[in-house]
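The values are calculated or read from the model by the stated rules, or taken from the named source; none is laboratory data. Since we're looking at a predicted model, the values are computed, not measured. Backbone-built Cβ (ideal geometry, glycine too); neighbour counts: all protein chains shown. All accessible areas refer to the heavy atoms of the entire protein, side chains included, with ligands and DNA or RNA removed. Shrake-Rupley method; radii C 1.70, N 1.55, O 1.52, S 1.80 Å.
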Protein chains: 2
Amino acid sequence: MQVSFAPGPSQLYYTVEDHLRHAMRKHIGSISHRSKEFETLFAEATSGLRELLSVPPDFHIFFAGSATEIWERSVQNLVELNSFHFVNGAFSRRYYEIALQLSKRAIKTEVPDGKGFENELPLPSGMEMIAVTHNETSTGVSLPLDFIHSLRGKNKEALIVVDAVSSLPYPRLDYTKIDSVFFSVQKGFGLPAGLGVWIVNDRCIAKADQLLTRGISIGSYHSLPTLLANQKKNQTPETPNVLGIYLLSKVVQDMLRRGIEAIRRETEYKAAILYHALESHPRLAPFVQEKQFQSKTVIVANCKEDVGRITQLLQQNKLFPGDGYGEFRKSQLRFANFPTHSKEQFELLVDILAKTGNQ
Amino acid sequence: MQVSFAPGPSQLYYTVEDHLRHAMRKHIGSISHRSKEFETLFAEATSGLRELLSVPPDFHIFFAGSATEIWERSVQNLVELNSFHFVNGAFSRRYYEIALQLSKRAIKTEVPDGKGFENELPLPSGMEMIAVTHNETSTGVSLPLDFIHSLRGKNKEALIVVDAVSSLPYPRLDYTKIDSVFFSVQKGFGLPAGLGVWIVNDRCIAKADQLLTRGISIGSYHSLPTLLANQKKNQTPETPNVLGIYLLSKVVQDMLRRGIEAIRRETEYKAAILYHALESHPRLAPFVQEKQFQSKTVIVANCKEDVGRITQLLQQNKLFPGDGYGEFRKSQLRFANFPTHSKEQFELLVDILAKTGNQ
């Protein structure tokens with residue numbers, strides 16, 4: 001069996017093909033999004049996610065088309081004037097740029113690709129939203145949760161929104177320290193792309209309501225009040241990706257049976273052996289050098305001129321690494337470490353990488 | 001085999017299950033949306049649609065999450081101040097309401113559910129967009145193409161946008177008389193929901209560019225200029241519903257092999273026998289009484305107190321009608337007449353309905 005280590009779309013969760021077969025047998029592709037059957041499916045997906053990710057009762061779970069859409073919707077619903085963005089790679093930069101495209105006064109603090117942020121940064125006052133990317137998929141930088149959780153202390157008024165696109169379900173978020181978190185399903189959840197999950201608390205709903213009351217447009221069918229009104233009926237405003245929501249509900253059940261703690265332990269084990277292999281290799285190295293910023297879920301390797309040779313060797317063994325992002329396409333490889341990737345697959349990966357060091 | 005006649009999500013096109021199996025074998029769920037493989041798939045889907053729907057070269061084909069999203073994006077990208085809406089049911093009304101939610105001065109002309117529009121209506125001047133719903137899925141009213149094509153004559157400046165959600169691929173649109181048309185794949189194309197298709201000409205692109213130049217926000221990742229820049233590379237701005245685009249490309253190929261003219265002839269045959277059955281039934285009748293407004297693709301039956309009995313009898317024969325919409329839930333049934341519904345299925349449907357007339 002071939003395995004994709006691309007950071008997304010990535011390898012499908014190993015149960016997806018079975019669930020798709022069942023979906024066809026149950027005619028999931030034809031059910032109405034206003035039927036009891038859909039409402040049950042919606043409730044299963046959201047209550048499963050709530051349990052898996054320990055989402056507290058004052059947070060709501062909504063669906064969008066993609067995490068890219070949630071970048072836009074979060075700015076549209078939570079910001080009248082000012083948003084603040086931590087930028088350290090292509091995806092956090094795009095979130096910032098989307099705020100500008102929506103005519104907001106977006107402010108960023110930026111560090112070079114591959115770096116994280118220091119704790120003591122004072123933020124400007126008057127920020128309505130602070131956007132922080134937990135895991136920069138482009139570079140493999142993960143911001144420590146302590147850093148994210150510390151933002152609240154000095155910024156009580158701002159809504160803290162966490163892009164956890166390529167890290168969930170791994171991180172243990174403290175929901176008392178954030179207001180919103182989102183992800184897309186084709187990364188850690190191993191599902192076909194075409195669905196984003198947006199988790200927001202009542203402060204976010206109140207902010208959207210307040211903008212609306214003051215006559216500011218917050219969009220239409222995917223505004224927070226509209227999403228909430230439909231979610232209360234276990235429905236969505238539009239005809240959604242029903243098959244995607246079905247598959248999500250099933251994969252979340254599979255993950256719950258396995259246990260989130262087991263998934264976390266395995267993620268840490270697999271990350272440890274891959275970083276060790278990179279560090280002990282004569283010619284390879286982790287791109288992210290500071291340990292505190294090394295992502296557990298997207299591991300980026302500097303390979304320099306070995307990129308082609310290593311890719312070829314891995315592919316001969318049916319392991320497909322992800323390309324480096326943007327300017328790093330020819331000098332780096334990226335390895336997703338998601339719940340679908342088994343310890344055995346990582347051990348094989350590490351063995352093959354080790355061999356390339358002896359040649 | 002059970003057959004859904006709900007007007008969407010509807011019965012899957014009969015080849016979808018096979019295509020899904022192939023998709024799994026070809027690892028479509030894991031391919032990168034920036035890969036050559038995806039670009040090929042995108043090109044196949046769009047060039048296939050172009051051929052099937054006779055889309056001229058000055059029109060572009062884009063993907064969104066749903067037709068609901070395209071309601072919003074069309075207003076956002078094509079209207080600074082004024083839009084005009086023909087409203088004759090729940091869905092055309094929602095398009096109008098979305099324009100209001102986006103702070104536009106939306107104007108509507110409205111007729112009761114089940115009715116169409118007269119030709120000679122003079123529209124107010126200064127309209128930037130005229131929104132017209134070819135097929136009201138809620139009521140089974142289809143506006144004659146002559147009516148839609150006549151709008152251009154007296155409204156040269158306005159962009160004419162056609163919601164053809166539940167009629168395509170059936171209607172023969174004259175693209176010289178419209179500027180944009182859109183649909184979602186879970187209706188006539190028989191695909192799982194989660195994908196909208198938006199077709200626009202260069203006038204639409206120019207209008208969006210003009211708004212942008214004047215500093216008006218037209219959204220971000222799904223603005224027309226951004227969609228166009230990505231489409232030129234056979235890509236999408238965000239990670240899209242890759243599996244949905246793959247399935248669409250395959251079903252469009254299947255439809256091309258069958259031939260659009262054969263599909264149209266069969267659609268007309270199936271519509272004719274169902275309307276005949278309703279008209280000759282002692283207690284049933286078409287909801288839409290004027291022949292010129294009777295939809296060929298969504299046929300709505302007034303059933304009064306027979307709704308429950310007829311539904312039950314049809315379901316015993318594994319035929320699942322669609323519920324009436326909104327206030328008509330308890331007095332009407334809706335029957336989709338899409339390319340996946342065979343002549344044999346319609347003949348069986350008509351036979352069963354006829355029997356209920358003799359009882």
Report summary line: Being over 23 Å from B:Leu52 (Cβ atoms) and within 14 Å of chain A (Cβ to nearest Cβ) narrows B:Ala193, B:Ala208 down to just B:Ala208
Query raised in the report: Are any residues in the stretch B:206-263 of a type in the set (Phe, Trp, Tyr) and within 20 Å of B:Glu72 (Cα to Cα), and if so, which ones?
Result: B:Tyr221
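Looking at this structure, is A:Lys187 in a loop (DSSP other than H, G, I, E, B), within 19 Å of A:Phe91 (Cβ to Cβ) and of a type in the set (Lys, Arg)? Explain how you work it out, then say what you get.
Working: in a loop (DSSP other than H, G, I, E, B): yes; within 19 Å of A:Phe91 (Cβ to Cβ): yes; of a type in the set (Lys, Arg): yes.
So A:Lys187 fits the description; yes.
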Requested in this report: Determine which member of the set B:His134, B:His149 is modelled with pLDDT of 95 or more, out of contact with any strand residue (DSSP E or B) (no Cβ under 7 Å at 6 or more places or on another chain) and within 30 Å of B:Ala301 (Cα to Cα).
Outcome: B:His149
Query - Odd one out for B:Ala45, checked against (1) in contact with a His (Cβ under 9 Å, 6 or more places away or on another chain); (2) within 22 Å of A:Thr239 (Cα to Cα); (3) not aromatic (Phe, Trp, Tyr) - result: (1)
Query - Subset of the stretch B:219-234 [within 13 Å of chain A (Cβ to nearest Cβ), assigned to a loop (DSSP other than H, G, I, E, B) and surrounded by fewer than 24 Cβ atoms within 10 Å (Cβ to Cβ)] - result: B:Gly219, B:Ser220, B:Tyr221, B:Ser223
**Report entry** Residue check, A:Gln253 more than 18 Å from A:Ala164 (Cα to Cα), of a type outside the set (A, V, I, L, M) and open to solvent by 40 Å² or more (accessible area, probe 1.4 Å)
**Finding:** yes
Requested in this report: Go through the residues of the stretch A:311-330 one by one and say whether even a single one is within 20 Å of A:Gln2 (Cα to Cα), among the hydroxyl-bearing types (Ser, Thr, Tyr) and in contact with a Cys (Cβ under 9 Å, 6 or more places away or on another chain).
Outcome: yes
Requested in this report: Working only within the stretch A:221-273, note down all residues that are farther than 20 Å from A:Gly196 by Cβ and small (Gly, Ala, Ser).
Outcome: A:Gly259, A:Ala262, A:Ala271, A:Ala272
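Suppose we filter the stretch A:190-206 for residues that are among the hydrophobic types (A, V, I, L, M, F, W, C), in a strand (DSSP E or B) and either over 10 Å from the mean Cα position of the chain (by Cα) or surrounded by fewer than 24 Cβ atoms within 10 Å (Cβ to Cβ) (or both); how many remain?
Quick first cut of the stretch A:190-206, residues among the hydrophobic types (A, V, I, L, M, F, W, C) only: A:191, A:193, A:195, A:197-200, A:204-206.
Narrowing the set further to residues that are in a strand (DSSP E or B) leaves A:197-200.
So of that shortlist, the ones also either over 10 Å from the mean Cα position of the chain (by Cα) or surrounded by fewer than 24 Cβ atoms within 10 Å (Cβ to Cβ) (or both) come out as A:198-200.
Residues in the stretch A:190-206 being among the hydrophobic types (A, V, I, L, M, F, W, C), in a strand (DSSP E or B) and either over 10 Å from the mean Cα position of the chain (by Cα) or surrounded by fewer than 24 Cβ atoms within 10 Å (Cβ to Cβ) (or both): 3 in total.
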Query raised in the report: Would you pick out the residues in the stretch B:9-26 that are open to solvent by 10 Å² or more (accessible area, probe 1.4 Å), more than 7 Å from every other protein chain (Cβ to nearest Cβ) and in a loop (DSSP other than H, G, I, E, B)?
Result: B:Tyr14, B:Thr15, B:Lys26
Requested in this report: Might you check whether a residue that is touching an Asp or Glu at 6+ places or on another chain (Cβ under 6 Å), at negative phi and aliphatic (A, V, I, L, M) occurs anywhere in the stretch A:51-69?
Outcome: no
Query raised in the report: Of everything in the stretch A:49-72 that's within 8 Å of another protein chain (Cβ to nearest Cβ) and polar (S, T, N, Q), which residue is surrounded by the most Cβ atoms within 10 Å (Cβ to Cβ)?
Result: A:Ser66
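Please pick out the residue among A:Tyr269, A:Tyr246 that is aromatic (Phe, Trp, Tyr), part of a helix (DSSP H, G or I), open to solvent by less than 20 Å² (accessible area, probe 1.4 Å) and out of contact with any Pro (no Cβ under 7 Å at 6 or more places or on another chain). Step through it out loud before you land on a result.
Working: A:Tyr269 fails: open to solvent by less than 20 Å² (accessible area, probe 1.4 Å).
Just one listed residue meets the conditions, A:Tyr246.
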Query raised in the report: In the stretch A:85-115, how many are away from every other protein chain (no Cβ under 14 Å) and open to solvent by 10 Å² or more (accessible area, probe 1.4 Å)?
Result: 8
**Report entry** Hits in the stretch B:250-291 - residues which are touching a Gly at 6+ places or on another chain (Cβ under 8 Å) and under 19 Å from B:Phe346 (Cβ atoms)
**Finding:** B:Ser280, B:His281, B:Leu284, B:Pro286, B:Phe287, B:Val288
**Report entry** Extreme residue, surrounded by the most Cβ atoms within 10 Å (Cβ to Cβ), among residues of the stretch B:127-140 that are part of a strand (DSSP E or B) and under 15 Å from the mean Cα position of the chain (by Cα)
**Finding:** B:Glu136
Report summary line: Selection from the stretch A:152-173 of residues closer than 23 Å to A:Ala336 by Cβ, part of a loop (DSSP other than H, G, I, E, B), of a type outside the set (Ser, Thr, Tyr) and in contact (Cβ under 8 Å) with a residue 40 or more places away in the chain yields A:Val165, A:Leu168, A:Pro169, A:Arg172, A:Leu173
**Report entry** Selection count, the stretch B:179-207, where residues are in contact with a Ser or Thr (Cβ under 6 Å, 6 or more places away or on another chain) and over 19 Å from A:Pro237 (Cα atoms)
**Finding:** 3
Query raised in the report: If you go through the stretch B:281-303 one residue at a time, do you hit one that is under 19 Å from the mean Cα position of the chain (by Cα), open to solvent by less than 10 Å² (accessible area, probe 1.4 Å) and farther than 17 Å from B:Pro171 by Cβ?
Result: yes
Query - Checking B:Gly215 against (1) outside any helix (DSSP H, G or I); (2) away from chain A (no Cβ under 14 Å); (3) open to solvent by 40 Å² or more (accessible area, probe 1.4 Å), the condition it does not meet - result: (2)
Query raised in the report: Is it the case that B:Leu143 is among the aliphatic types (A, V, I, L, M), open to solvent by 10 Å² or more (accessible area, probe 1.4 Å) and at negative phi?
Result: no
Requested in this report: Return a yes/no flag: does the stretch B:261-271 have any residue that is of a type outside the set (A, V, I, L, M, F, W, C) and either farther than 17 Å from B:Ser342 by Cα or in contact with a Ser or Thr (Cβ under 6 Å, 6 or more places away or on another chain) (or both).
Outcome: no
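Give the residue, chosen from B:Thr46, B:Thr40, that is more than 11 Å from chain A (Cβ to nearest Cβ), closer than 18 Å to B:Leu247 by Cβ, part of a helix (DSSP H, G or I) and open to solvent by 30 Å² or more (accessible area, probe 1.4 Å).
Working: B:Thr46 fails: open to solvent by 30 Å² or more (accessible area, probe 1.4 Å).
When all the criteria are applied, what remains is B:Thr40.
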Query raised in the report: So is B:Thr176 open to solvent by less than 10 Å² (accessible area, probe 1.4 Å) and not in a helix (DSSP H, G or I) or not?
Result: no
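Using the structure shown, decide if A:Val165 is modelled with pLDDT of 95 or more, more than 13 Å from every other protein chain (Cβ to nearest Cβ) and open to solvent by less than 20 Å² (accessible area, probe 1.4 Å). Full working, then the answer.
Details: modelled with pLDDT of 95 or more: yes; more than 13 Å from every other protein chain (Cβ to nearest Cβ): no; open to solvent by less than 20 Å² (accessible area, probe 1.4 Å): yes.
Criteria not met by A:Val165.
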Query raised in the report: Across the stretch B:27-37, which residue is nearest to A:Tyr13 (Cα to Cα) among those that are open to solvent by less than 30 Å² (accessible area, probe 1.4 Å) and in contact (Cβ under 8 Å) with a residue 12 or more places away in the chain?
Result: B:Gly29
